[in-house]
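Accompanying notes for the structure given below.
The values are calculated or read from the model by the stated rules, or taken from the named source; none is laboratory data. These numbers were taken from a predicted model, which means no experiment stands behind them. Neighbour counts are summed over all protein chains in view; Cβ atoms, including those assigned to glycine, are modelled from backbone coordinates with ideal geometry. Surface accessibility is based on the protein's heavy atoms, side chains included, excluding ligands, DNA and RNA. Shrake-Rupley method; radii C 1.70, N 1.55, O 1.52, S 1.80 Å.
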Amino acid sequence: MDIQDTESRDNRPGRRGFLTLAAAVGAATALGGLPAFTASAAPLRPTESPMLTAADAAKNLLWWQAPGSSGSMIEQGLPVGNGRLGALTGNDPASELLTITDATLWTGGPNDTLQSDGQFPYGRDDFGSLTLLAELTVDIPDHDLGSVNNYRRSLDLAQGLVSASYDISGVTYRRQIFASRPDDVIVLHFTQQGGGAYTGTVSLAGTHGESTTVSAGRCASFGGSFANGLKYGAAVTASSSTGKVTVDGGSISFSGCRDLTVVVSGGTDYAPDPATGFRSPSVDPQHLAVTKVRNAAGHSASTLLHTHVADFRPLFAQLELDLGTSSAAQRELDTWERVQARYRDDVPDPELEAAYLQFGRYLMISGSRGSLPMGLQGPWLDGNDPDWMGDYHTDINIQMNYWMADRAGLSECFDAFADYCLAQLPSWTDATRRLFNSPTNRYRNSSGRIAGWTVAISTNPYGGGGWWWHPAGNAWLCHNLFEHYEYTQDRAYLEKVYPLIKGAVQFWEARLITTTVTDASGAPREVLIADSDWSPEQGPLDAKGITYAQELVWSLFGNYRTATRVLGRDADHSRTVDGLRERLYLPVVSPTTGWLEEWMSPDNLGETTHRHLSPLFGLFPGDRIRPDASTPKDILDGATALLTARGMDSFGWANAWRSLCWARLKDAEKAYQLVVHNLKPSVDGSNGSAMNLFDIYQVEQGRGIFQIDANFGTPSAVIEMLVYSRPGHVELLPALPTAWAASGSVSGVGVRGGFVAALSWKNGKVTRATLTSVGGRTTTVVAGGASQQISLQPGESVTLRSFG
Amino acid sequence: MRSSSYPALPAVPAGSLSRTARATLVLAVTAALATAVPAAATQAEAAGKTAATAAAPTADATSGTAAKPYMGWSSWSMQSSKYPGLNPDGDYSYLTQANVLKQTDALATKLKKYGYDYVNIDAGWWRDNTWKPEYDQYGRQAPDPLRFPDGMKPVADHIHAKGLKAGIYLPVGLEKEAYGDGKVPVWNAPGCTTADIVYPDLRTTNGWDSSYKLDFDNPCAQKYVDSQAQMFADWGYDFLKLDGVGPGSFKSGDNYDNVADVAAWHQAIAATGRPIHLEISWSLDIGHAADWKQYSNGWRIETDVECYCNTLVTWENSVNDRWNDAPAWSHKAGPGGWNDLDSLDVGNGAMDGLTKAERQSYMTLWAINKSPLYTGDDLTRLDGYGVSLLTNQEVIAVDQSDSPVARPVTPMGDQQVWGTRNADGSYTVALFNLGDSPASVSADWASFGFAGNASVRDLWNKQNLGTYKNRITEALPAHGSRLFTVRPGGTTLATTSYEAESAANTLSGNASVAGCDACSGGNKVGNLYLGGKLQFNHITVQKDGIYTVKVAYVSGDPRSVTVFSNTGNGTSLPFPSTGDWGTVDTVSVQLALKAGSNTITFDSGSGYAPDIDRISVPQTN
């Protein structure tokens, strides 16, 4: 390939360089974790309209021809969110419903009294649960769905906007709903053309038995507190340029309004600070919510919209994806019809498949900015008892959520995850030191030593763990934390998370035990292995040296070495850890099954098609097992055989992980098949995509659960099919499936080593690729069998053409 | 009334026959007709007809009966309900003279001008509030003096005086309590007693086994039916619901074969010279449709719509079942005899137990199926929405029109499209969303055989929606519907047909070609079960696209089949019954086809699939 040109750094479309429209964003995403709900500075208002033209917006528009059901909001509600507040919107003409959640509205607490078995309680009172904040209803009784025509609603992914429109008797009614981060409110704006008017009621109801009352300034609000002392509140106001709006008890009535603007906000006094008991004593959430809605309501709906879009759009625009052109017939279908047709006909729909990735990005921008990170559902609930508490599962789920951030041009959204881990670290450290070696904990260190920190399988935002101890969870979390550094080369960030990485290393220094294995040559060899552990979430509960832990620790120790060198710290300790790493046992291939062993046993001790791919960490997200000469063939074959045995028919996140692994093995068609698998329409709770594209996991016949991880893991797989990277190495189109081969392009893809890639292809071959350094210096670019070393200064770009 | 209502009734002590109390009254009303019968022809008129006037009975008095599906009111829904206050004196006690007259007056005032003209008294008029029956000295049902203190004739007179028609009710067979040790004489049949009209072994019949089966080998049996018919004619009734009729009423077997009873009633009614509409109930066996058609004017195709609960009906018990029940019967109805879907309880949301959307869908299905439209609501308490439904003349006109009964043009999923072609070239098109969430439903013009622009009239909302190209899509609420008249703009859709029996196709499993008189080419492919497959090969189109493929099929019962093109996964599609194994109907399915040659496969999977006659593929999409 030829290097065509190197752009000067003056031209750089840097990682965060697109943010010109939203100067206020930088402060909000500053490292260190602001309180979740706090008085905010006056938003920067754009001076020009940031709105896309309708044609441009159409490129990233999902649409439907029916509203959602109030009884099926999880499957049918359209999500909006401002990074902290999330809401599902139903969009029924006669009864708009929003189920509103604040990411910090958690019951529970430190949960640091273990059960008799040395494990954690896992209930909604002790461990806690994410819960719903409020239900907002805008009733417009005359707009019965049975009498409207041409109903349509859409989710504008690029601008963060839900819209609905319909006709009644010659009048076209429209509504827009968006969650603004700058104004920290959710806005509903109702308009019409043709001489219509709105008459009805706005109601804001708490979901924990609160009463809504009148507040000053035509607001209705409520407040309350949980048994754990967490205070919360929410407020709503409404206004119209015509007609009559009155606050009446707990609701707001409106009549004869040619337009109507409803503004709602809410939050808690949660603070990501163990020193204050995870509370912000100065915050009165109800009062603050009233203040926020009154402040926002002082601006026109279009000002609020422009402010929101100026904030949202630049983030979204950081990655563009074109997987090819869909047919005219496919384009005529609405999103749900398209999902159904994709499955029914098995005809690729590249635009839908690209939209699925962009939907994941939309969710991340909406759900992961400036507050707690996204757990199993992000901030989108339809009730107060989300399955598994809507918590942070540390044995794949939260990791998968955040694999996508850097890969898909949303490094900013990773901060919520890193800030969370940092804020929890003191509590995790304290709990580990006090409780991990409890004599009844089957995972305790048999040496009796203890250091550093680890976590339980479930974690909450109060430093608490739930369910069982998860010794390797620390290394799993640190893998994400370190990869973010690899993508961004952000030294200040690495400095910040270094205590997490070092603490995890220290934990493993204390935990590893010695055993003797026999090498293939027959020679005995002393190795270090992990103490008793459980390979998530199957097989023996107390196996030593499980592949999952061995691979994670191997990765952790390697990353620690890099971190100490970058930061110039702990050189001696790093050498000690290097020595341990060299002695770490690494898995072999079972002579019985031909699979890479999951346990230190030739036997299959678990379920052949188990959902977790824990022993394949080295394949993805790790890099130890690679389809090149660096990996012994038997190991590669054993990993491939294990992945093959796990099968192609799992669900959501498990399919996504499989797809990621097949992408790493460059099996494009298998990787694609698993992406498509997650697009299968979910019917009556079956596995697949709901009408709103939320991923549904069927727990029992007729009951499906929303698990957001697949909505992020599947896009990560799409990216991995297009770009593989590790520090010093980038491969373009490693696993491009036939369905997308004709032509396409992607820009904004994060590259480990500190670059951002853009590339175009035709007939399966890269035609043009641009790498921009966001901190990286050199790397090798591989495409179409050719490879090229490039060197750049931060901010510089290079464009490559003419690939083998 | 249905079988399950009986366990709730008080047991009738053996031998407690009461056949004397009403004797005087019964004799008194055998006088000549006080009110003349309405001419049959006037029943054909839809909204706006005037009150029936005197007309002499014709020689064949029933010839014009039920030229259109009848319309009116029935007492049973309120009798059967536990809705507060309806049945203060025990189950079914709503049925009283006062209530019937009250409803008569309300019908006359509010609904008569829209065509509702029957006031039908249902079960229990001859039973007291403990459900104890009463009979005259001839073993004929006699009105309960508490319920009908003036007897039945004055009630009919009152109904007629309001310009309406009167209906009455009987269970089929000789009610056990009327047997009287076999010694009860039959009216106007010298020498005949009840012992002569039933079998010596007293075999029972009807849906509740509440009657002895009549033995028509003995002419006395016909005489008994004649005596009942004459009694009703004498009282001036214009309508009889004969209930518990089999095969049907959840019964089968010789004892429950009441075809002879229905024929006897047909004959008996003719003999009275009075045109009395004969409606039979319930869940009648479709295998005897020809008999029902020959001898009656309408047949309840399935079980009761009533829920026997705190409302009149509920959506799930059993209104929504009718969507699956109706298609099998679509070819059975016509002038003189109609598919009766049961009461139309849409007049008062609270009492009906239905949402607005459900009420509209309910009436839409009834109308497009040309079911009789009789409400069981309290007509004195109709709500505004109920009135707007029951009095929508455009929708009533669909029911009363000369168009064929509508059929589903899509498979029977949660979202369905039904339609029929009208004489003027327009189509009646109904969209249904039977799902529990709002959903969009599209009617593709290709399903009806045309393409391009068509103008759409919204019958429920009474407005012209304008022109729609190739399809119309609307958002429907849960359990909701829309009803349109669609007028094609001109172009007929050109299609290419492929016969299932073609040698070019691939059959697998037990699938095989079979003769079929009604099928194009005289053959079809059947035995599509348990993995049997039919793959059409070489389906050729010019352009990639999603095509509306029409499937002509035969299926005597509702069956599902998975349909897919090329390597698609397909969807399991429930095809509605065509009514029998000799009738061909069509539904349309959406499939992607690519330019060039394609396959389309019908896979029975793990079930039993319909027989396939042929498919028709549009030449353009």
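Using a simple spin-label model with points 7 Å from Cα along the Cα→Cβ vector, what separation in nm is obtained for A:SER282 and A:SER169?
5.4
Suppose accessible area is computed on protein heavy atoms with a 1.4 Å probe; arrange B:ASP243, A:ASP259 from highest to lowest. Display every interim value, and only then the final one.
Details: B:ASP243 0, A:ASP259 35 Å².
Descending accessible area places them as A:ASP259, B:ASP243.
If I fit a long axis through the Cα atoms of helix A:335-345 and take the longest principal axis of the Cα atoms of chain A, what angle between them do I get, 0 to 90°, rounded to 10?
50
Convex hull volume of the Cα atoms in segment A:715-804, per residue, in Å³? List each step's numbers first, then the result.
Details: hull volume 6.8 nm³, N = 90.
Normalising the Cα hull of segment A:715-804 by residue number yields 76 Å³.
Is segment B:178-334 rounded, prolate or oblate when judged by the Cα gyration tensor, a ≥ b ≥ c being the square roots of its eigenvalues, rounded requiring a/c under 1.5 and prolate requiring a/b larger than b/c?
Working: a/c = 1.92, a/b = 1.66, b/c = 1.15.
Since a/c reaches 1.5 and a/b is larger than b/c, the shape of segment B:178-334 is classed as prolate.
For segment A:503-648, what's the relative contact order in percent, using C-alpha pairs closer than 8 Å and at least 6 residues apart?
On the way: 215 pairs, mean separation 30.9, N = 146.
Reported as a whole number, the value is 21 percent.
Taking the Cβ of B:TYR169 as the centre, find all other residues whose Cβ is under 12 Å away and add up their charges (Lys, Arg: +1; Asp, Glu: -1).
Numbers: positive: B:ARG127, B:LYS241; negative: B:ASP122, B:ASP243, B:GLU279.
That works out to -1.
With all protein chains present and a 1.4 Å probe, how do B:HIS266, A:HIS610 order by accessible area, largest first?
Numbers: B:HIS266 65, A:HIS610 0 Å².
Correct descending sequence by accessible area is B:HIS266, A:HIS610.
Can you give the Rg to Rh ratio of chain A, both from alpha-carbon atoms, with Rh computed by the Kirkwood formula? Walk me through the numbers before you get to the answer.
Working: Rg = 26.1 Å, Rh = 27.0 Å.
Checking Rg against Rh, the ratio lands at 0.97.
Could you give me D for segment B:495-618, from Stokes-Einstein at 20 °C and 1.002 mPa s, where the hydrodynamic radius is the Kirkwood radius over C-alpha pairs? Units µm² s⁻¹, please.
Working: Rh = 14.0 Å.
D = 153 µm²/s.
Each label point is 7 Å from the Cα along the Cα-to-Cβ direction; what then is the distance between the points at A:ASP117 and A:LYS762, in nm?
The two pseudo-label positions are separated by 6.2 nm.
Give the whole-number value, in cubic angstrom per residue, of the convex hull volume spanned by the C-alpha atoms of segment A:470-591.
Residue-normalised Cα hull volume stands at 116 Å³.
Whole angstrom only: what separates the Cα centroid of segment B:232-298 from the Cα centroid of segment A:506-566?
The two parts, judged by their Cα centres, are 84 Å apart.
Under a plain spin-label model, where a point goes 7 Å from the Cα along Cα-to-Cβ, how far apart in nm are A:ALA742 and A:SER300?
Result: 4.4 nm between the two label points.
For B:GLY353, what is the net charge nearby, where nearby means another residue's Cβ is under 12 Å from its Cβ and Lys, Arg count +1, Asp, Glu -1? Numbers along the way, then the final one.
Working: positive: B:LYS82, B:ARG359; negative: B:GLU306, B:GLU316, B:ASP345, B:ASP352, B:GLU358, B:ASP377.
Counting the neighbours of B:GLY353, the net charge comes to -4.
Taking each residue in B:431-441, count the Cβ atoms of any other chain within 10 Å of its Cβ, then average. What number comes out?
Values: counts 0, 0, 2, 0, 3, 3, 11, 15, 8, 9, 2.
The shielding value for this peptide is 5.
Translational diffusion coefficient, Stokes-Einstein: compute it for segment A:406-510 using the Kirkwood radius over C-alpha pairs as Rh, at 4 °C and 1.567 mPa s, and state it as an integer in µm² s⁻¹.
Here the translational diffusion coefficient equals 91 µm²/s.
Tell me, how many Å apart are the Cα centres for segment A:466-486 and for segment B:475-515?
If we compute the Cα centre of each part, the gap is 56 Å.
How large is the Kirkwood hydrodynamic radius of chain B, counting all unique pairs of alpha carbons, in Å? Please list the in-between numbers first.
On the way: mean 1/r = 0.0391 Å⁻¹.
Mean inverse Cα-Cα distance, inverted, gives 25.6 Å.
For segment A:383-646, take the alpha-carbon Rg, divide it by the Kirkwood Rh, and send me Rg/Rh.
Numbers: Rg = 17.9 Å, Rh = 18.9 Å.
Here the Rg-to-Rh quotient is 0.95.
Could you work out [θ]222 nm for the protein assembly as shown from helices alone, using -39500 (n - 2.57) per DSSP H run of at least four and dividing by all its residues? Round to the nearest 500 deg cm²/dmol. Provide the component values of the computation, followed by the final result.
Numbers: 32 runs with 348 residues, N = 1425.
The helix contribution divided over the protein assembly as shown gives -7500 deg cm²/dmol.
Taking the Cα centre of segment B:407-488 as the origin, how large is its charge dipole in debye, to the nearest 20, when only Lys and Arg (+1) and Asp and Glu (-1) carry charge on their Cβ atoms? Walk me through the numbers before you get to the answer.
Working: 8 positive and 6 negative charges, 60 e Å.
So the magnitude is around 280 debye.
Could you work out the mean projected area of the convex hull around the alpha carbons of segment A:521-617, in square nanometres to one decimal?
Working: hull surface 29.4 nm².
That works out to 7.3 nm².
For segment A:85-178, what is one quarter of the convex hull surface built on the Cα atoms, given in nm²? Display every interim value, and only then the final one.
Numbers: hull surface 35.5 nm².
Averaging across all directions leaves 8.9 nm² for the Cα convex hull.
Can you send over the carbon and sulfur percentage of the accessible area for the protein assembly as shown, probe radius 1.4 Å, protein chains only?
Details: 22800 of 46210 Å².
It is 49 percent, rounded to a whole number.
With axes computed from alpha carbons, what is the tilt in degrees of helix A:301-316 against the longest principal axis of chain A, rounded to the nearest 10 within 0 to 90?
Relative to chain A, helix A:301-316 is tipped by roughly 20 degrees.
Tally the DSSP beta bridges in segment A:383-646 and give the antiparallel ones as a percent, rounded to 5. Before the final figure, lay out each step's value.
Numbers: 14 of 15 bridges.
So the antiparallel bridges amount to about 95 percent of the total.
Could you work out how much longer the chain between A:SER446 and A:ARG331 gets when fully extended? Use 0.36 nm per residue separation minus the Cα distance between them, nm to one decimal.
Details: separation 115, 0.36 × 115 = 41.40 nm, distance 6.12 nm.
Difference between extended and current length: 35.3 nm.
Under a point-charge model restricted to the Cβ atoms of Lys and Arg (+1) and Asp and Glu (-1), what is the dipole moment magnitude of the protein assembly as shown relative to its Cα centre, in debye to the nearest 20? Don't skip to the answer; put the middle values down first.
Numbers: 111 positive and 147 negative charges, 590 e Å.
So the dipole magnitude of the protein assembly as shown works out to roughly 2840 debye.
Need one value: the accessible area of B:LYS370 in square angstrom, 1.4 angstrom probe, rounded to the nearest 10.
So the heavy atoms of B:LYS370 present about 10 Å² to solvent.
Cα extents of segment A:539-673 along the three principal axes, largest first, in whole Å?
That works out to 47, 32, 29 Å along the principal axes.
Taking each residue in A:140-147, count the Cβ atoms of any other chain within 10 Å of its Cβ, then average. What number comes out? Intermediate values should be presented prior to the final figure.
Values: counts 0, 0, 0, 0, 5, 10, 15, 7.
Partner-chain Cβ atoms within 10 Å, mean over residues of A:140-147: 5.
Please identify the cysteines of the protein assembly as shown that lack any partner cysteine with a Cβ under 4.7 Å from their own Cβ.
Lacking a cysteine Cβ partner under 4.7 Å: A:CYS219, A:CYS257, A:CYS413, A:CYS421, A:CYS478, A:CYS661.
Note down the relative contact order for chain B as a percent, whole number, built from C-alpha pairs under 8 angstrom at least six residues apart.
Values: 1605 pairs, mean separation 66.1, N = 621.
With pairs under 8 Å counted, the relative contact order is 11 percent.
Where in segment B:449-502 are there GluC sites (Glu not before Pro) that are in a DSSP coil and have at most 10 other Cβ atoms within 10 angstrom of their Cβ?
Working: sites: B:GLU474, B:GLU499, B:GLU501; in loops: B:GLU501.
Loop-located and lightly packed - none at all.
Please determine, in degrees from 0 to 90 and to the nearest 10, the orientation of helix A:668-678 with respect to the longest principal axis defined by the Cα atoms of chain A, where the helix direction is its Cα long axis.
Its long axis makes an angle of about 40 degrees.
Summing +1 for each Lys or Arg and -1 for each Asp or Glu, what net charge is found among the other residues whose Cβ lies under 11 Å from the Cβ of A:VAL589? Before the final figure, lay out each step's value.
On the way: positive: A:LYS633; negative: A:GLU597, A:ASP634, A:ASP637.
With Lys, Arg at +1 and Asp, Glu at -1, the neighbours total -2.
Pop the C-beta distance of B:LYS113 and A:SER241 into the FRET formula with R0 = 60 Å and round what comes out to the nearest 0.05. If you can, show how the numbers build up before the last one.
Values: r = 46 Å, r/R0 = 0.77.
About 0.85, to the nearest 0.05.
Suppose we look only past 44 Å in the calculated P(r) of the protein assembly as shown. What percent of the Cα-Cα pairs does that tail hold?
Working: 539649 of 1014600 pairs.
It works out to 53 percent of all Cα pairs.
Can you say what percent of the DSSP beta bridges in chain A, counting only those with both residues inside, are antiparallel? Round to 5. Display every interim value, and only then the final one.
On the way: 142 of 147 bridges.
Among the beta bridges of chain A, antiparallel pairing accounts for roughly 95 percent.
How do A:THR514, A:THR104 rank by accessible surface area computed with a 1.4 Å probe, from largest to smallest? Write down the numbers at each step before the final one.
On the way: A:THR514 75, A:THR104 0 Å².
My answer, sorted largest first, is A:THR514, A:THR104.
With both bridge residues required to lie in segment A:664-804, what share of the DSSP beta bridges run antiparallel, to the nearest 5%?
Working: 37 of 41 bridges.
So the antiparallel bridges in segment A:664-804 amount to around 90 percent.
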